[in-house]
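The values are calculated or read from the model by the stated rules, or taken from the named source; none is laboratory data. All of these numbers come straight from a predicted model, not from anything done at the bench. Heads up, the Cβs are rebuilt from the backbone with ideal geometry, glycines too, and the neighbour counts pull from every protein chain shown.
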Amino acid sequence: MNYKIEKVKAPGRDQVELLKETYEKGTPQGEEAGKWRQKLASREEKLKYLQNGERYFYGKDGYGSEKRKNPA
């Protein structure tokens, strides 16, 4: 993949290379776009997907600087 790199002036330094967007522009096409429930086969996979996505808000473990001061 060819990355777009821009040279910019950074505070306290001269020139640095800044990596531009690395995604393909556009929106998902087709009937299957956004249908995550159909992509996961079993109930256990669906529950694991949801629990993994919500662990940031409901988990007890910290995430470095993103640790919540007040639990949800």
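Descriptive notes on the structure:
- Those residues of segment 18-49 which are part of a strand (DSSP E or B) and either surrounded by fewer than 10 Cβ atoms within 10 Å (Cβ to Cβ) or at positive phi (or both), in sequence order: Leu19
Residues checked against (1) of a type in the set (Asp, Glu); (2) modelled with pLDDT of 85 or more; (3) within 20 Å of the chain's Cα centre (by Cα):
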residue	(1), (2), (3)
Ile5	no, yes, no
Arg13	no, yes, no
Leu19	no, yes, yes
Trp36	no, no, yes
Leu47	no, yes, yes
Arg55	no, no, yes
Gly62	no, no, yes
Ser65	no, no, yes
Asn70	no, no, no
